[in-house]
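The values are calculated or read from the model by the stated rules, or taken from the named source; none is laboratory data. As the structure is a computational prediction, the values presented were derived from the model and not from experiment. Ligands, DNA and RNA are stripped out before the accessible areas are found, and what is left, the full protein with its side chains, is counted by its heavy atoms. Shrake-Rupley method; radii C 1.70, N 1.55, O 1.52, S 1.80 Å.
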Amino acid sequence: MLTRRQLLLSTLIGGAALVGLTLAIAPGDDAPAAPAELKFLNGDDVLVLTALIPALLDGALATEPMQRSQQIQQLLIRFDQALLHLYPRTQAELRQLLDLLTNKAGRVAVAGVWSNWANASLNDKQQFLNHWRDSFLDLLQTAYSGLHNLVMASFYGDPANWALAGYAGPPTVR
């Protein structure tokens, strides 16, 4: 006779196996080749960041698709250059974060996003980012803060974007 404990255990194991099978056979994200200018970021990183940047910069990017794409490409280049100046330990931690987000199982487990990054809705991406920002776990808050600050610095580090923040530029010295 099947006990309650055995039923719960077999249900849990069966559910975990089903989730694992689903993740294993689900189509992967098609990562584009990283632009040649990038030294730290790879194609998988570009895919994740290209999906998350509009969620982080909500309303700041151009609405015209070609111009928006160019803004993101320029931002990725500045982002990559900034990463090269970080301490090696910080680079290693960021590599782990990006690897986790590019992995299907990692994306589902830590981000709660079931579809690939390119197909995830803006709302799903914003919910994921808000969850990390407001998490009770310091590790997730730190991951969000690092990602957010690097994207913001890379975007607003371009003088062409200063006006979006209401900054007219440095004063002229006479």
| What number, in percent, do you get for the relative contact order of the range 35-174 if the mean sequence gap of Cα pairs under 8 Å and at least 6 apart is divided by its residue count? | 28 percent
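Roughly speaking, to the nearest percent, how much of the range 33-109's 1.4 Å accessible area is carbon and sulfur? Intermediate results must be reported in sequence, preceding the final value.
On the way: 2170 of 4000 Å².
Roughly 54 percent, rounded to a whole number.
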